[in-house]
Amino acid sequence: MAAVAILTTDCSRRLPWNSKVPNTVKHSEEFRRLRWQCRRGMLELDDLLEQFLDLGYSELNAAQRHTFTTLLAAQDTQLSDWLMARATPDDPQLRDLVERIIAVAQAQW
């Protein structure tokens, strides 16, 4: 998967009306915490993770949401390698989630 081709620095891709997350969830403490954790040291990671939070997170079950929290605990360099398809996570749940994040980003192109 060529994840590099899906990246953009154009923040207009994350317009509020594109979000699938209900307003009640958007304003919850957990969602705000996740949004803050999606803010990374690299703009590309910010874009991918925040876009997924807006467009894909609501479709995750409880176990997958826990995996997303685990993913956010990874170092930026590791996340970058995974999301740019330079490496794959050893954990199958993380690997599935990374593929899902990339798929959500590709669907926006």
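Any read-out appearing in this document is the output of simple, stated calculations on the displayed coordinates, not a laboratory observation. Treat the numbers as computed from the prediction; the structure is a model and nothing was measured. No Cβ is skipped: glycine too gets one built from the backbone with ideal geometry, and neighbour counts run over all protein chains shown.
Of all residues in region 58-109 being among the aliphatic types (A, V, I, L, M) and loosely packed, with under 12 Cβ neighbours inside 10 Å, which is nearest to Arg32 (Cα to Cα)? If you could, list the steps in order and put the result at the bottom.
Going through region 58-109, the residues among the aliphatic types (A, V, I, L, M) turn out to be 60, 62-63, 71-74, 79, 83-85, 87, 94, 97-98, 101-105, 107.
Of the ones still in play, those that are also loosely packed, with under 12 Cβ neighbours inside 10 Å are 62-63, 73, 107.
Numbers: Ala62: 17, Ala63: 19, Ala73: 16, Ala107: 24 Å.
Among those that are among the aliphatic types (A, V, I, L, M) and loosely packed, with under 12 Cβ neighbours inside 10 Å, it is Ala73.
Determine the pairs where a residue that is within 17 Å of Ala73 (Cα to Cα), located within region 92-109, has a partner that is in a helix (DSSP H, G or I) and polar (S, T, N, Q) with Cβ atoms under 6 Å apart, the partner being 6 or more residues away or on another chain.
Matching pairs, first to second residue: Gln93/Thr67; Leu97/Thr67.
Residues of region 23-76 being over 16 Å from Ala103 (Cβ atoms), assigned to a helix (DSSP H, G or I) and hydrophobic (A, V, I, L, M, F, W, C), which ones?
Val25, Phe31, Leu34, Trp36, Cys38, Leu43, Leu45, Ala62, Ala63, Leu72 - these are the residues of region 23-76 that are over 16 Å from Ala103 (Cβ atoms), assigned to a helix (DSSP H, G or I) and hydrophobic (A, V, I, L, M, F, W, C).
Can you find, within region 79-99, the residue that is farthest from the chain's Cα centre (by Cα) among those that are more than 13 Å from Glu44 (Cα to Cα) and in a helix (DSSP H, G or I)?
Pro92
A quick yes/no check of all residues on (1) charged (D, E, K, R); (2) over 26 Å from Ser28 (Cβ atoms); (3) in contact with a helix residue (DSSP H, G or I) (Cβ under 7 Å, 6 or more places away or on another chain):
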residue	(1), (2), (3)
Leu48	no, no, yes
His66	no, no, no
Gln78	no, yes, no
Met84	no, yes, yes
